[in-house]
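The values are calculated or read from the model by the stated rules, or taken from the named source; none is laboratory data. Since we're looking at a predicted model, the values are computed, not measured. Because the Cβ atoms are built from the backbone with ideal geometry, glycine has one as well, and the counts that use them run over all protein chains shown. Ligands, DNA and RNA are stripped out before the accessible areas are found, and what is left, the full protein with its side chains, is counted by its heavy atoms. Shrake-Rupley method; radii C 1.70, N 1.55, O 1.52, S 1.80 Å.
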Amino acid sequence: MSDQPYQPTLAQLRAFVAVARSRHFGTAATSLGVSQPSLSQALASLEAGLGVQLVERSTRKVLITEAGMALLEQASGIVASAAELVSSAAGLTGELRGTLRIGMIPTVAPYRLPRLLPQLRAEADELAVTVVEDQTARLLDALRSGRIDVAVVALPVHSASIAEIPLYDEEFVLVVPPGHPLAGRDDLTADDLSGLPLLLLDEGHCLRDQALDLCRQAESGVGVMGDTRAASLATIVQCVSGGLGVTLLPEPAVAVELRGTDLAVARFAAPAPGRRIGLAYRASSAKTEGFTRLAEIARSAAESTL
């Protein structure tokens with residue numbers, strides 16, 4: 001028997017992190033590009049080597065044990081560091097070339113990608129881009145675990161392990177049915193939202209939380225429609241068209257989502273409420289120079305849509 005202490009492999013750690021993040025063996029195996037039996041074997045080998053159970057398996061669900069939760073952050077860090085090593089070797093440390101995995105929140109991606117992707121092709125033709133659209137919390141998890149390199153999200157993210165580069169600010173616009181008393185106004189305040197049947201995105205979308213923050217500034221309550229749930233701004237706008245209420249959109253979404261409708265808008269008096277969009281990346285990353293260049297391109301693409 002060897003006297004050497006057990007050393008987990010990167011494949012075993014990746015298997016554990018993937019299962020812990022997805023809580024599903026099939027999903028985890030797909031994300032890693034391996035078979036489910038291979039993933040299960042890697043995880044079992046890791047547990048045997050460490051001498052602790054990391055995951056509770058059942059036919060219905062996957063649970064992470066207390067020991068697994070205690071080791072998850074460290075395992076995620078090792079996996080992310082390995083991804084950094086590969087990216088650095090590929091030349092991404094100081095330049096935009098190789099492969100760049102960008103995460104974007106759903107309330108930004110449809111309105112910024114049409115200008116951003118062509119500009120990236122024009123200014124960084126050696127860069128191969130992949131895009132992941134998801135909610136902020138899952139994007140930050142993917143960022144920490146190394147599954148993506150950078151995320152375009154609303155700032156701040158409030159995480160010591162995540163660095164931020166501000167890109168631009170977006171104002172919120174109120175979308176109302178035609179003939180609504182607020183239609184065409186450009187001097188709204190938070191109090192004008194009082195009593196309105198405000199439709200919001202489903203739980204987990206940062207735009208929902210930002211809209212609720214604005215609602216809390218109203219002197220009297222805002223009638224948020226709790227029974228209407230939507231995963232996209234397109235669905236919310238259709239609900240407004242159907243007479244279910246009103247909604248708040250970030251300014252870049254207005255031209256796209258209101259195209260072909262008879263809906264009206266109302267804007268807020270300065271300083272208008274809104275949010276700051278920026279790049280988020282691992283603070284430990286060696287790619288800061290490349291991300292700074294990416295931010296410059298993203299700002300230029302955003303300005304070209306104004």
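The set of residues in the range 7-31 that are closer than 19 Å to ALA82 by Cα, open to solvent by 70 Å² or more (accessible area, probe 1.4 Å) and not small (Gly, Ala, Ser) comprises GLN7, ARG14, ARG21. Kindly check whether there is at least one residue in the range 272-282 that is open to solvent by 60 Å² or more (accessible area, probe 1.4 Å) and of a type in the set (A, V, I, L, M, F, W, C). Looking for residues that are open to solvent by 60 Å² or more (accessible area, probe 1.4 Å) and of a type in the set (A, V, I, L, M, F, W, C), one finds none in the range 272-282, hence no.
The set of residues from the range 115-137 being open to solvent by 60 Å² or more (accessible area, probe 1.4 Å), of a type in the set (D, E, K, R) and either at positive phi or without any contact (Cβ under 8 Å) to a residue 40 or more places away in the chain (or both) comprises ARG121, ASP125, GLU126, GLU133.
For the range 225-249, the set of residues classified as open to solvent by less than 70 Å² (accessible area, probe 1.4 Å), touching a residue at least 60 places away in the same chain (Cβ under 8 Å) and out of contact with any helix residue (DSSP H, G or I) (no Cβ under 7 Å at 6 or more places or on another chain) consists of SER232, VAL240, SER241, GLY243, listed by residue number.
Applying the set (1) touching a strand residue (DSSP E or B) at 6+ places or on another chain (Cβ under 6 Å); (2) surrounded by 15 or more Cβ atoms within 10 Å (Cβ to Cβ); (3) among the basic types (Lys, Arg) to ARG293 leaves exactly one unmet item: (1).
With respect to being closer than 22 Å to ALA269 by Cβ, modelled with pLDDT of 90 or more, surrounded by fewer than 16 Cβ atoms within 10 Å (Cβ to Cβ) and acidic (Asp, Glu), ASP213 falls outside the description.
Matching residues to (1) in contact with a Lys or Arg (Cβ under 7 Å, 6 or more places away or on another chain); (2) farther than 22 Å from SER284 by Cβ:
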| residue | (1), (2) |
| --- | --- |
| ARG115 | no, yes |
| THR130 | yes, no |
| SER145 | yes, no |
| HIS158 | no, no |
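For the range 18-29, does any single residue satisfy the condition of being under 27 Å from LEU139 (Cα atoms) and outside any helix (DSSP H, G or I)? There is at least one residue in the range 18-29 that is under 27 Å from LEU139 (Cα atoms) and outside any helix (DSSP H, G or I). Note on the range 53-69: residues that are of a type in the set (Ser, Thr, Tyr) and at pLDDT below 90 total 2. Being part of a strand (DSSP E or B) and farther than 30 Å from ARG147 by Cα is a property that does not hold for ARG259.
Could you check, for the range 163-173, whether at least one of its residues is over 30 Å from ALA270 (Cα atoms) and either out of contact with any Ser or Thr (no Cβ under 9 Å at 6 or more places or on another chain) or open to solvent by 20 Å² or more (accessible area, probe 1.4 Å) (or both)? For the range 163-173, residues over 30 Å from ALA270 (Cα atoms) and either out of contact with any Ser or Thr (no Cβ under 9 Å at 6 or more places or on another chain) or open to solvent by 20 Å² or more (accessible area, probe 1.4 Å) (or both): absent. Restricting attention to the range 191-206, the residues that are more than 26 Å from ALA231 (Cβ to Cβ) and either in contact with a helix residue (DSSP H, G or I) (Cβ under 8 Å, 6 or more places away or on another chain) or buried (at least 20 other Cβ atoms within 10 Å of the Cβ) (or both) add up to 0.
For the range 37-54, a residue qualifies if it is more than 16 Å from HIS24 (Cα to Cα) and assigned to a helix (DSSP H, G or I), and the qualifying residues are SER45, LEU46, GLU47, ALA48, GLY49, LEU50.
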